[in-house]
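Here the structure is laid out as structure tokens; the discussion comes afterwards.
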Amino acid sequence: MACEGLVDWRGKPINTKVHGGVRAAWYLYFLIVVNFLVHVPNMQNMTTYLRGPMHMGVSDASTTFTNFIGAMSGFALLGGFLSDSYITCARTMLLSVPLVILGYGLLTLQSHFPSLHPPPCNDSDSEASSCRQVDGWRSTLLYTALYIIALGEGVMRACIPALGSDQFDGDNPSEARQQSSFFNWFTFCLSVGSVAGLILIVWLENTRGWDVGFGLSALLILIALLVSAAGLPLYRNRVPQGSALTRVLQVFVVAFKNRKLGLPDKMEETQQNSHEVDSQEVPCPTTNHSLKFLDKACCANTNTGRDDGPWSVCSAAKVEETKIVLRMLPLVFSSTVAHVSTPLLVAFTIQQGMTTNTKLGKVHVYPAMLFIVPSIFQTLMLVTYDRVLVPLVRRRTGYTGGITQLQRVAVGFLATTVAPGVAAVVERKRKDTVAAGGQISIFWLAPQFFLIGVADTTSFVGLLEFFTGEAPDGMKSIGVAFFWCQAGMASLLGTLLVRLVNRVTHSGSAPGWLEGKNLNSSHLDLFYCVVTAVSFLGWLNYLYWAKRYKYRQDPRISTKSPDEDDSTMP
């Protein structure tokens, strides 16, 4: 049963009537809403902050943003390792939140006190060269605050989806559908929080001051911490299985030691050689014939005369656990390339918005608020998808989510391939209009943000559900970390692409495509064409690996009951 290996907050066996389910998920939904109410607007507005008060250039601001996203996603691996190996998801999550509060507190201090940030520009020239860019100990304070937030946010992101998934029993047909719907409602809450934050936080930061926006962010995260901690007695907590990395390493070491041994005709015979009782339910190697060289880790080597415990022979479940991780890696790396356009579009579209006409009648629309377009689309689409499309398609296909998770992801990656192509056309029009002495409306940038919303509705949810569902029971948080890790690597790949393009296109006294003093003297439209080509190749590569992947668990419904509720919402 999926509920085996789950305990309450005191370490006692759970009562399914008391622990978990929709009631426990509500506390997580609140944390998700507040977290993204704070996180999304600050991330969307970060480029404005770096280009404005911190006086960074076009390239430096965008690479600082993508490096931050990459670091935050990389720290998710740390969160996944800690929660799966030593402490529960709930405790890891609650310990990480104060780091986010501390980071926003430091940003509040830096933006409030003039001595902690660069002085304003001395003249009316808007070009960055006329201003003093943040440097020295002020720069150290800025990056310290950002990476403390990245650490706390990354660890928290690895834990929330895994903890939410554990609140539902995957072996119970009704709860299995609720578990699938949890990820849709996760993204729905993300969208609701994003829309609220893009209105409130962005408006405060641009009108009342950055210190007010950052200070309120810290206060809201504190409230979210208290509410989510109140749900601790209701959570189902998966018992940590010890170091997941050690288990994987043991399989490789033992398989290498036994590389000259032959495999028995029946792998079941190796079960008696295991030095441990398997605590996770994973298939035995007899059910899967891939990566067979690792099966030798199950064989006892009687020729050595030594018994090194788990370093001399491994259980079949441990070997299969390692195989599962290895089979997911091609999808991690192929998703990274296919996802590369998203962080670049977010970073540069905000800078594009700063050069457009931001007036809607008498209302001033700040560039970061454009992210409301995909957020509202996500909110509406996810409700329609979960309540209408999934039940209809499920009856035809038999899949729990209507279509497979990787099919859903493929649709999203197609959107991220088209988006930079659309952005290139819009940027060309923007530059032509500026050359003619005009200024385009900020709403010309809405289509590329809309496509980002399509990608988030499909690939975001699909990948999150895939990595969580396919990961072994003892590695659920690491599975979630794989999701954030691919997003982080995509951001770092975006940074590398910016620097590579600048280096290749730099010649003599002529700057690279993105090394201009502002966007009008840069060639962002040509860069978007490069991003489109890279994304398209990444999409094709993803399709190749997705088609070859064999699901660990059958994504079809084993038991159908139309009378049972499909949603995690009451």
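Counting only residues that are part of a helix (DSSP H, G or I) and either more than 18 Å from the chain's Cα centre (by Cα) or surrounded by fewer than 24 Cβ atoms within 10 Å (Cβ to Cβ) (or both), how many does region 43-62 have?
Result for region 43-62: 12.
Among the residues that make up region 96-116, is at least one of them modelled with pLDDT under 90, under 17 Å from Asp135 (Cα atoms) and in contact with a helix residue (DSSP H, G or I) (Cβ under 7 Å, 6 or more places away or on another chain)?
Checked region 96-116: at least one residue is modelled with pLDDT under 90, under 17 Å from Asp135 (Cα atoms) and in contact with a helix residue (DSSP H, G or I) (Cβ under 7 Å, 6 or more places away or on another chain).
Might you check whether a residue that is in a loop (DSSP other than H, G, I, E, B) and either touching a Leu at 6+ places or on another chain (Cβ under 8 Å) or surrounded by fewer than 20 Cβ atoms within 10 Å (Cβ to Cβ) (or both) occurs anywhere in region 19-36?
Yes, the conditions are met somewhere in region 19-36.
State yes or no: is Phe75 crowded, with 22+ Cβ neighbours inside 10 Å, in contact with a helix residue (DSSP H, G or I) (Cβ under 8 Å, 6 or more places away or on another chain) and in contact (Cβ under 8 Å) with a residue 12 or more places away in the chain?
yes
Among the residues of region 203-233 satisfying the criterion of being part of a loop (DSSP other than H, G, I, E, B) and among the small types (Gly, Ala, Ser), which is most open to solvent (accessible area, probe 1.4 Å)?
Top of the filtered list is Gly209.
Confirm whether Val340 is open to solvent by less than 10 Å² (accessible area, probe 1.4 Å) and out of contact with any Cys (no Cβ under 9 Å at 6 or more places or on another chain).
yes
Condition first: among the small types (Gly, Ala, Ser) and at pLDDT 80 or above. Now tell me which residues in region 214-267 satisfy that.
Selection gives Gly215, Ser217, Ala218, Ala224, Ser228, Ala229, Ala230, Gly231, Ala255.
Any residue in region 162-172 that is part of a helix (DSSP H, G or I), crowded, with 22+ Cβ neighbours inside 10 Å, modelled with pLDDT of 85 or more and out of contact with any Gly (no Cβ under 8 Å at 6 or more places or on another chain)?
Yes: region 162-172 contains one or more residues that are part of a helix (DSSP H, G or I), crowded, with 22+ Cβ neighbours inside 10 Å, modelled with pLDDT of 85 or more and out of contact with any Gly (no Cβ under 8 Å at 6 or more places or on another chain).
Kindly establish whether Thr92 is part of a helix (DSSP H, G or I), of a type in the set (Val, Ile, Thr) and under 17 Å from Leu31 (Cα atoms).
yes
Any residue that is surrounded by fewer than 24 Cβ atoms within 10 Å (Cβ to Cβ), among the aromatic types (Phe, Trp, Tyr) and under 30 Å from Ser83 (Cβ atoms) - is there at least one of those in region 379-395?
yes
Would you point out which residue out of Ala90, Ala158, Ala150 is in contact with a strand residue (DSSP E or B) (Cβ under 9 Å, 6 or more places away or on another chain) and either open to solvent by less than 10 Å² (accessible area, probe 1.4 Å) or in contact (Cβ under 8 Å) with a residue 40 or more places away in the chain (or both)? Give the steps one after another, and end with the answer.
On the way: Ala158 fails: in contact with a strand residue (DSSP E or B) (Cβ under 9 Å, 6 or more places away or on another chain); Ala150 fails: in contact with a strand residue (DSSP E or B) (Cβ under 9 Å, 6 or more places away or on another chain).
On inspection, the qualifying residue turns out to be Ala90.
The values are calculated or read from the model by the stated rules, or taken from the named source; none is laboratory data. Given the structure is predicted, the values throughout are model-derived calculations rather than measurements. Cβ: placed from backbone, ideal geometry, glycine included. Neighbour counts: every protein chain shown. We work out accessible area using only protein heavy atoms, side chains counted, and drop any ligands, DNA or RNA first. Shrake-Rupley method; radii C 1.70, N 1.55, O 1.52, S 1.80 Å.
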